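One structure below.
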Amino acid sequence: MSNLVVLLDVLVVLGVVVSAILACHFENLLSAVISLAVTGIFCAGAFLVMHAPDVAISEAAVGAALTPLVLLVALKKMRGGKDR
């Protein structure tokens, strides 16, 4: 059972690191925002693994839903509603 928890910890941390690095390296802003949302989902999973469900719910709401939504709306307004 302990090995399973360690494996889950490693996978979650690896997911956070990889998705955060991808968010920094994407040239396309839409891809970067999506990668940022995935980072938030992995962070929420990390909090669940650490037995902090209240913090995980907050992170899922803010880091995986609200922040990418605000960034997508700002991106849409900056482009004037036109896709390039």
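The values are calculated or read from the model by the stated rules, or taken from the named source; none is laboratory data. Everything quoted here is computed from the prediction, not taken from an experiment. As a convention, Cβ positions derive from the backbone with ideal geometry for all residues, glycine included, and neighbour counts pool all protein chains shown.
Output yes when any residue across the stretch 40-61 is of a type in the set (A, V, I, L, M), out of contact with any strand residue (DSSP E or B) (no Cβ under 9 Å at 6 or more places or on another chain) and over 30 Å from residue 4 (Cβ atoms), and no when none is. It would help to see each step written out before you state the result.
At the first step, the residues of the stretch 40-61 found to be of a type in the set (A, V, I, L, M) are 41, 44, 46, 48-50, 52, 55-57, 60-61.
Keeping just the survivors that are out of contact with any strand residue (DSSP E or B) (no Cβ under 9 Å at 6 or more places or on another chain) gives 41, 44, 46, 48-50, 52, 55-57, 60-61.
Right, trim to over 30 Å from residue 4 (Cβ atoms) and you get none.
Scanning the stretch 40-61 turns up no residue that is of a type in the set (A, V, I, L, M), out of contact with any strand residue (DSSP E or B) (no Cβ under 9 Å at 6 or more places or on another chain) and over 30 Å from residue 4 (Cβ atoms).
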Subject >> Residue that is modelled with the lowest pLDDT, among those in the stretch 53-78 that are of a type in the set (A, V, I, L, M, F, W, C) and more than 18 Å from residue 38 (Cβ to Cβ) >> reply: 78
Original post:
Considering only residues of the stretch 1-60 that are out of contact with any Ser or Thr (no Cβ under 6 Å at 6 or more places or on another chain), small (Gly, Ala, Ser) and closer than 26 Å to residue 79 by Cβ, which is surrounded by the most Cβ atoms within 10 Å (Cβ to Cβ)?
Top reply: 40
